[in-house]
1. Could you tell me which residue of the stretch 92-143 is nearest to D158 (Cα to Cα), considering only residues that are of a type in the set (V, I, T) and open to solvent by 40 Å² or more (accessible area, probe 1.4 Å)?
2. Name, by its number, the condition in (1) surrounded by 15 or more Cβ atoms within 10 Å (Cβ to Cβ); (2) assigned to a helix (DSSP H, G or I) that does not hold for S52.
3. Can you tell me which residue in the stretch 5-33 is modelled with the lowest pLDDT, limited to those that are open to solvent by less than 40 Å² (accessible area, probe 1.4 Å) and within 16 Å of N74 (Cα to Cα)?
4. Being more than 20 Å from A32 (Cα to Cα) and assigned to a helix (DSSP H, G or I) narrows it down to one of L157, L99, so name that one.
5. Failed condition for V150, given (1) closer than 30 Å to R25 by Cα; (2) at pLDDT below 90; (3) in contact with a helix residue (DSSP H, G or I) (Cβ under 6 Å, 6 or more places away or on another chain), with all others met?
6. Given the criteria surrounded by 15 or more Cβ atoms within 10 Å (Cβ to Cβ) and under 31 Å from the mean Cα position of the chain (by Cα), does V150 qualify?
Amino acid sequence: EVRNKCQGRDKDKEECRKLRDDLKRDSTQFLAKTAERILMLLDNLKERVENSKLEDGAKKEALSKIEEGVKKVNDIKSRVDALGENATREDVKNAARELKSVWSEVNQLVHRLNNKLSAERFGGILEKSKHLKERLSKVLDKFKAQGVDVSQIQSQLDRFNAKLDEVTALHEEVKTLI
């Protein structure tokens, strides 16, 4: 809108100055709100990592990376808040560029940590499945001792055990990749 109304000889009119000032103000407000949203995202991620069952070393590393992201965003946010009405167009553009760059880093961090947390949760499911495998084997052994034909169930259990071993191996591979 500013570009359309303020071209050529109209660009020095009071209305154009007001439109440019409004645009700068709206842009800085947008940047400040964006920084707040990124901080909320990092805070939620921090809480999830703290409450996770990640190993202590991985948890400390993740939390330090989150804190590093929080510091970067807070630094940019304080500069955006300090821009005020005397900010130049270049100041606003630079702040937007920096925030976009930090957002890209934070977004990658969020995806990496979400993958780690998902793998950790899946590991818990695997543990429960292994316990189920043991319990089913014990039940089948009791039925065998009583003389019950368990051949069909045993073949199903063998397939389950094979799939569980396969998934466990894949999970270990995924953990090394993450």
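The values are calculated or read from the model by the stated rules, or taken from the named source; none is laboratory data. If you're wondering where the values come from, they're calculated on a predicted model, not measured in any experiment. We place every Cβ from the backbone using ideal geometry, glycine too, and count neighbours over all the protein chains shown. Surface accessibility is based on the protein's heavy atoms, side chains included, excluding ligands, DNA and RNA. Shrake-Rupley method; radii C 1.70, N 1.55, O 1.52, S 1.80 Å.
1. The qualifying residue nearest to D158 (Cα to Cα) is V139.
2. It is condition (2) that S52 fails.
3. Result: T28.
4. L157
5. (1)
6. Judged against the criteria, V150 is not a match.
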